[in-house]
1. May I ask you to derive the FRET efficiency for LEU117 and GLU35 from their Cβ-Cβ distance with R0 = 30 Å, giving the value to the nearest 0.05?
2. So, R0 is 25 Å and r is the distance between the beta-carbons of ASP125 and LYS98; what FRET efficiency does that work out to, to 0.05?
3. Of LYS42/LYS140; LYS29/LYS140; LYS100/LYS150; LYS42/LYS134; LYS49/LYS98, which sit over 27 Å apart, Cα to Cα?
4. For segment 24-172, what class follows from the C-alpha gyration tensor (a ≥ b ≥ c being the square roots of its eigenvalues): rounded when a/c is under 1.5, otherwise prolate if a/b is larger than b/c, else oblate?
5. GLU143 versus GLU87, label points 7 Å from Cα toward the beta carbon: distance in nm?
6. With every atom except the alpha carbons ignored, what do you get for Rg and Dmax of segment 98-172, in angstroms?
7. Scan segment 49-132 for trypsin sites (Lys or Arg not before Pro) in coil per DSSP, keeping those whose Cβ has at most 12 other Cβ atoms within 10 Å, and list them by number.
8. For an R0 of 35 angstrom, estimate the FRET efficiency from the Cβ-Cβ distance between LYS134 and LYS172 and round to the nearest 0.05.
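The values are calculated or read from the model by the stated rules, or taken from the named source; none is laboratory data. Owing to the predicted nature of the structure, the values given are computational and were not obtained by experimental measurement. In this analysis, Cβ positions are derived from the backbone assuming ideal geometry, glycine residues included, and neighbour counts consider all displayed protein chains. Accessible surface areas use protein heavy atoms only, side chains included; no ligands, DNA or RNA. Shrake-Rupley method; radii C 1.70, N 1.55, O 1.52, S 1.80 Å.
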Amino acid sequence: MKTKLFFSITFIGLFSFQLLATPVVPITKKHYTKEEAITKIKALQKNTKYNIEANKEFVKIIENASSNFGSIVYYTELSIAVGYHTELFLAIAEIASKSKNGIKYIDEIAELAGMKLTETGGLVDLAKQAAKAKTADEIKKVEDEIVKLKSTAEFKTIQEAIAKAESDRENK
């Protein structure tokens, strides 16, 4: 009986520690109406100590957008979470705000902006290509470039980049 109790307490303790030790990345792309997106970004402004001016720019982008509000909120959250390449996220958000297609690839390119610390200069042009891609060849070109860029990224996933940024902020 004591062994079972000890095992149960140990298992629960280890499991709880693992849950606490694992960084939580609550950022997910959701569907928002224009009004919901503006409200969400304004709430983000109240809860951050940095990127405040950039958040105002994200709101302006949404106010002038005709679609992809959820993606623009996602880019706002990514820029806050990683804490770098804010201008790049803003440029990609501007492209997404006018895009009627290619948003899946634009979202992946925005994630690359967080996954790559260097050599990000071509991401805006790639996002523009993704927004314009209509033919199978154009789409394939964008997909191939994304794969190539992911292979050279300093972080293999956006969650890894966010976790590193959170760790860096905690250690300051």
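1. 0.30
2. 0.95
3. Pairs exceeding the cut-off: LYS42/LYS140; LYS42/LYS134; LYS49/LYS98.
4. Working: a/c = 2.05, a/b = 1.15, b/c = 1.79.
Cα axes put segment 24-172 in the oblate bin.
5. Going by the 7 Å Cα→Cβ label model, 3.3 nm.
6. That works out to 13.7, 48 Å for Rg and Dmax.
7. Details: sites: LYS49, LYS56, LYS60, LYS98, LYS100, LYS104, LYS116, LYS128, LYS132; in loops: LYS49, LYS100, LYS116.
Here the trypsin sites (Lys or Arg not before Pro) that fit, given the DSSP loop and packing criteria, are LYS49, LYS100.
8. On the way: r = 46 Å, r/R0 = 1.31.
So, using R0 = 35 Å, E works out to roughly 0.15.
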